[in-house]
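The structure appears below as structure tokens.
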Amino acid sequence: MATPAIQPKHAVKSRTSGIKWHKVLSSLMINGVLILICTIWIVPALGILITSFRDSQDIFRTGWWTVFPHQEYVVSGQIHVDPNTDLNGPIAIRGVPGKYTFEQLKEGVTLSDGRKLIWYGNKRTRLIEVSTLQWVGFSTRFTLKNYQDVLSDKTVNYKDANGNNIVRQGDNLSGAFLNSLAVTIPATVIPILIAAFAAFGFAWLKFRGRKFLFSIVVMLLVVPLQIALIPIVQDYTRLDLNGSFLGIWLAHTGFGLPLAVYLLFNYISQLPREILESAYIDGASNFTIFTQLILPLSVPALASFAIFQFMWVWNDYLVALVFLGNHHTVLTVALANMVGEKGQDWHLLTAGAFISMIMPMTVFFALQRYFVRGMTAGSVKG
Amino acid sequence: MESISSQPHKNFSDMISDWLKTAVGRIIASICALLVMVIVLYGGFIFLRDTDLPQPLMIIIAILWGVGGAALDYYLTNFVVEMLPGEWPRRLQPFVFVGPAVFLMAWALAIPTVRTLALSFFDANSINFVGFRNYVFAFTDRIMLEAFRNNLLWLVVGTSFCVSFGLLIAVLANRTRLESLYKSLIFMPQAISFVGAGVIWKFIYAYRGSGTGLPEIGLLNAIVVALGGTAQPWLQLFPWNNLFLIVIFIWMQTGYAMVILSSAIKDVPAELEEAARIDGATEVQVFFHIVIPYIQGTLITVSTTIVIFSLKLFDIVRVMTGGNYGTNVIANEFYLERFTYGQAGRASAIAIVLLILVIPVIVYNLRQFRESKAF
């Protein structure tokens, strides 16, 4: 704390301590609100993460939140009702004070000592289950089987809610993962160099139509992709490119270029003029300046774009659905298919969703700063 | 010593450059360079189109072809252009640099816009001219009107919640020590695909049905049941199901608004806020009269971006409901028309409608660009 220039008077002092309390209180409130919001934000993802590791039968029996320690009524014994007892009036039960009707017992009765009585089955069973509140949830069966099943391309089997054994074809998400990589890596790398060349041309070379061409780049930034899909599918039918990796690489390259050129232009045009001018004076050609000076200096901008494009292509569903479909199923398409076909198989769906998230999550947490920078600059992408 | 060892090499390169100075040499070298380029690009194209190699190998070849091909293309065209006489190299070289990108953008986006416009006046198979019939469909059909209504809902509810939540979190987090942790957590859904997010939320909304005696495993229904209500099939509950889908969008896009608005808030000069406080302004007044006007431009940018996202929204609706139960949106209807019903004309008209909806943003962007005086 800095030494105050003027000794504060008593009245001022008490006011500052009031302000201090006020500050602590408001800080607590702010943190409280933020923790609440963050919890709401995290819970959905946490739900599928936990579920993906649970046994398939457990998933259908109880909610994922039951893996956390909590109090629950657990059956601890049974009481047989005397066969001579009339079930139409209040029923006397051995070891239990008071009498309850069948309807009450069917609903469940909580006794003052904490025990809970529930009539088991129909009237003729004459059986009452006694349960007590106990702490449960410390030991849950966790398994990697869901992941094995969903990654496999062979037949897999698991137990459903009723304990029936189900045999079905695996979802082959390992294949889809490789397909996603095969789509994403070239679709990220190829546009970078092309865009960097163009950005340099726009930023540093004077030519006719420069402003006009760049205006078109700016216009294309927000053009919806839907506008391009039908003509390109026509072209691909002619070129026999539908369903091929090459087709989707070219499409993603074309779709990603406006943003890439725009982003890199903003960066490259800000580079200090003196460096380039001295290079020109030394007689370097444009080509040399680009490869020797501009490219190395632009690495941060190139990285930002690369991460942005990587995430965009990896998470893309529409372009993959249109150009690859089920020829080479990528993760998003495979997952969407699973939702359609196996909408209730939560053990497979949650594991699949998590597999599709691993890659972008890793990139995101490792390179968050670059990603945010690229996204901030690319906020106009269509 | 040194000159002797490098002598033959120097002679050889001298010979080449002498030869290149002759007109015939130049023409032959240019043709060879262009031929090499065409062979590499076309050969790679054919090979990659028809190959059945395992993925890792194919990825490597694709990168070599894509990056190497681009590099080679630039190098050789540049080589050819630089051999041209007089003013030509200086005049043509810029096009060597911007040419491939401009070509690809023209092929992938600019020309398709015109082609889609043309297709929108033709029938399902793009053969017969039908005039404005597809637009009549796009603006009057019951399913399209439903899609417009839903998109409007997405636009208004989605955007306002994303921006106000994002702003709230940005302002609050700015006053804590754990700012980056809070922001990371809120931002995290940005890294997930819409399809993945769809699965996450479908699980939240999961419904087993009352009467079956099974416990609800979806969080929302479990909460409702615990509070004494009855479980509901949320995604089939028109009109509320639209809001349940929009919640997913808010969950994903709030982080985006927050990050951008957060950096804008940090740029508000501290002296300005301090001066207002000394004059007796409350925190709320400082926020509405200093911070908000200061970040107005960023607020507009963020809102427009989210508006565009909400207009083009497709994945969530397709995965969650397929557009059924009254949740259809424009982009989903586009997909259905073209790729499910084979109605190329109608789908093109819908795409043009989407384009028209973003034209104000395009004009705004262009005006900003003109004003920025980047050229």
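The values are calculated or read from the model by the stated rules, or taken from the named source; none is laboratory data. Everything numeric here is computed off the predicted structure, so don't read it as measured data. With ideal geometry, Cβ positions are generated from the backbone for all residues, glycine too; neighbour counts draw on all protein chains shown.
All of (1) surrounded by fewer than 14 Cβ atoms within 10 Å (Cβ to Cβ); (2) facing chain A (nearest Cβ under 9 Å) hold for B:Ile59 with one exception: (1).
Screening A:Ala199 with (1) at pLDDT below 90; (2) part of a helix (DSSP H, G or I); (3) within 20 Å of A:Pro258 (Cβ to Cβ) gives one miss only, at (1).
Against the list (1) of a type in the set (A, V, I, L, M, F, W, C); (2) out of contact with any Gly (no Cβ under 8 Å at 6 or more places or on another chain); (3) over 30 Å from B:Val40 (Cβ atoms), the condition B:Leu76 fails is (3).
Might you check whether a residue that is touching a strand residue (DSSP E or B) at 6+ places or on another chain (Cβ under 7 Å), of a type in the set (D, E, K, R), modelled with pLDDT under 85 and surrounded by fewer than 18 Cβ atoms within 10 Å (Cβ to Cβ) occurs anywhere in the stretch A:151-162?
There is at least one residue in the stretch A:151-162 that is touching a strand residue (DSSP E or B) at 6+ places or on another chain (Cβ under 7 Å), of a type in the set (D, E, K, R), modelled with pLDDT under 85 and surrounded by fewer than 18 Cβ atoms within 10 Å (Cβ to Cβ).
Every residue, every condition in (1) in contact (Cβ under 8 Å) with a residue 12 or more places away in the chain; (2) surrounded by 15 or more Cβ atoms within 10 Å (Cβ to Cβ); (3) among the polar types (S, T, N, Q); (4) more than 30 Å from A:Thr332 (Cβ to Cβ), yes or no:
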residue: A:Gly89; (1), (2), (3), (4): yes, no, no, yes
residue: A:Arg126; (1), (2), (3), (4): yes, yes, no, yes
residue: A:Trp135; (1), (2), (3), (4): yes, no, no, yes
residue: A:Leu144; (1), (2), (3), (4): yes, no, no, no
residue: A:Tyr147; (1), (2), (3), (4): yes, yes, no, no
residue: A:Thr184; (1), (2), (3), (4): yes, yes, yes, no
residue: A:Val189; (1), (2), (3), (4): yes, yes, no, no
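Taking the stretch A:37-57 as the range and being surrounded by fewer than 18 Cβ atoms within 10 Å (Cβ to Cβ), touching a residue at least 60 places away in the same chain (Cβ under 8 Å) and either part of a helix (DSSP H, G or I) or within 7 Å of chain B (Cβ to nearest Cβ) (or both) as the test, the residues that pass are A:Leu49, A:Gln57.
If I filter the stretch A:242-251 for residues that are modelled with pLDDT of 85 or more, over 30 Å from B:Ile60 (Cβ atoms) and more than 8 Å from chain B (Cβ to nearest Cβ), do I get at least one hit? The answer is no; no qualifying residue exists. Taking the conditions exactly as written (within 30 Å of A:Ile358 (Cα to Cα) and more than 9 Å from chain A (Cβ to nearest Cβ)), does B:Ile246 satisfy them or not? Judged against the criteria, B:Ile246 is a match. Exactly one residue among A:Val130, A:Val96 is surrounded by 16 or more Cβ atoms within 10 Å (Cβ to Cβ) and assigned to a loop (DSSP other than H, G, I, E, B), and that residue is A:Val96. Here the stretch A:201-213 is the region considered, the condition is being facing chain B (nearest Cβ under 7 Å) and farther than 22 Å from A:Ser285 by Cα, and the residue that is surrounded by the most Cβ atoms within 10 Å (Cβ to Cβ) is A:Leu213. What number of residues within the stretch B:157-180 are under 18 Å from B:Thr301 (Cα atoms), without any contact (Cβ under 8 Å) to a residue 12 or more places away in the chain and small (Gly, Ala, Ser)? Within the stretch B:157-180, residues that are under 18 Å from B:Thr301 (Cα atoms), without any contact (Cβ under 8 Å) to a residue 12 or more places away in the chain and small (Gly, Ala, Ser) number 2. Just one of the numbered conditions (1) aromatic (Phe, Trp, Tyr); (2) without any contact (Cβ under 8 Å) to a residue 60 or more places away in the chain; (3) surrounded by 23 or more Cβ atoms within 10 Å (Cβ to Cβ) is not true of B:Trp240: (3).
Assess whether B:Glu82 counts as being at pLDDT below 85 and either hydroxyl-bearing (Ser, Thr, Tyr) or in contact with a Pro (Cβ under 9 Å, 6 or more places away or on another chain) (or both). Spell out how you get there, then give the answer.
Values: at pLDDT below 85: yes; either hydroxyl-bearing (Ser, Thr, Tyr) or in contact with a Pro (Cβ under 9 Å, 6 or more places away or on another chain) (or both): yes.
Yes.
Restricting attention to the stretch A:233-244 and to residues that are in contact (Cβ under 8 Å) with a residue 12 or more places away in the chain and out of contact with any Lys or Arg (no Cβ under 9 Å at 6 or more places or on another chain), the residue that is surrounded by the fewest Cβ atoms within 10 Å (Cβ to Cβ) turns out to be A:Gly243.
When the residues of the stretch A:276-304 are filtered to those that are within 13 Å of chain B (Cβ to nearest Cβ) and within 30 Å of A:Thr362 (Cα to Cα), the one that is farthest from the chain's Cα centre (by Cα) is A:Ile294.
Restricted to the stretch B:159-242, the set of helices (runs of 4 or more DSSP H) holding at least 2 residues that are more than 7 Å from chain A (Cβ to nearest Cβ), modelled with pLDDT under 95 and closer than 24 Å to B:Glu283 by Cα comprises B:159-173, B:179-187.
If the condition is being modelled with pLDDT under 90, of a type outside the set (Val, Ile, Thr) and in a helix (DSSP H, G or I), then the stretch A:264-280 contributes A:Asn266, A:Tyr267, A:Arg273, A:Glu274, A:Leu276, A:Glu277, A:Ser278, A:Ala279, A:Tyr280.
Would you check which residues across the stretch A:52-74 are under 20 Å from A:Ile355 (Cα atoms), in contact with a Gly (Cβ under 9 Å, 6 or more places away or on another chain) and not hydrophobic (A, V, I, L, M, F, W, C) and list them? Step through it out loud before you land on a result.
Let us first name the residues in the stretch A:52-74 that are under 20 Å from A:Ile355 (Cα atoms), namely A:52-56, A:59, A:64.
Next, only the ones that are in contact with a Gly (Cβ under 9 Å, 6 or more places away or on another chain) stay: A:52, A:64.
Across the stretch A:52-74, the qualifying residue is only A:Ser52.
Give B:Val171, B:Val136, B:Val130 a once-over and let me know the one that is among the β-branched types (Val, Ile, Thr) and touching a Gly at 6+ places or on another chain (Cβ under 8 Å). Spell out the reasoning first.
On the way: B:Val171 fails: touching a Gly at 6+ places or on another chain (Cβ under 8 Å); B:Val136 fails: touching a Gly at 6+ places or on another chain (Cβ under 8 Å).
Step by step, each of B:Val171, B:Val136, B:Val130 is checked, and only B:Val130 is among the β-branched types (Val, Ile, Thr) and touching a Gly at 6+ places or on another chain (Cβ under 8 Å).
Out of A:Pro224, A:Pro231, which single residue is assigned to a loop (DSSP other than H, G, I, E, B) and within 7 Å of chain B (Cβ to nearest Cβ)? Full working, then the answer.
Numbers: A:Pro231 fails: assigned to a loop (DSSP other than H, G, I, E, B).
Selected residue: A:Pro224, the only one of A:Pro224, A:Pro231 that is assigned to a loop (DSSP other than H, G, I, E, B) and within 7 Å of chain B (Cβ to nearest Cβ).
Residues in the stretch A:316-343 that are more than 8 Å from chain B (Cβ to nearest Cβ), in a loop (DSSP other than H, G, I, E, B) and on the phi < 0 side of the Ramachandran plot were compared, and the one that is surrounded by the most Cβ atoms within 10 Å (Cβ to Cβ) is A:Val330. Only residues that are within 9 Å of another protein chain (Cβ to nearest Cβ) and β-branched (Val, Ile, Thr) were counted across the stretch B:343-362, and they come to 5. Just to be sure before I move on: is A:Val74 more than 14 Å from every other protein chain (Cβ to nearest Cβ) and surrounded by 13 or more Cβ atoms within 10 Å (Cβ to Cβ) in the structure I sent? In short, no. Scanning the stretch A:166-182 for residues that are more than 7 Å from chain B (Cβ to nearest Cβ) and surrounded by fewer than 20 Cβ atoms within 10 Å (Cβ to Cβ) yields A:Ile166, A:Val167, A:Arg168, A:Gln169, A:Gly170, A:Asn172, A:Ser174, A:Gly175, A:Phe177. Checking each residue in the stretch B:221-235 for being more than 22 Å from B:Asn324 (Cβ to Cβ) and either in contact with a Ser or Thr (Cβ under 8 Å, 6 or more places away or on another chain) or not assigned by TED's automatic domain parsing to the domain that holds B:Met320 (or both) picks out B:Val224, B:Thr230.
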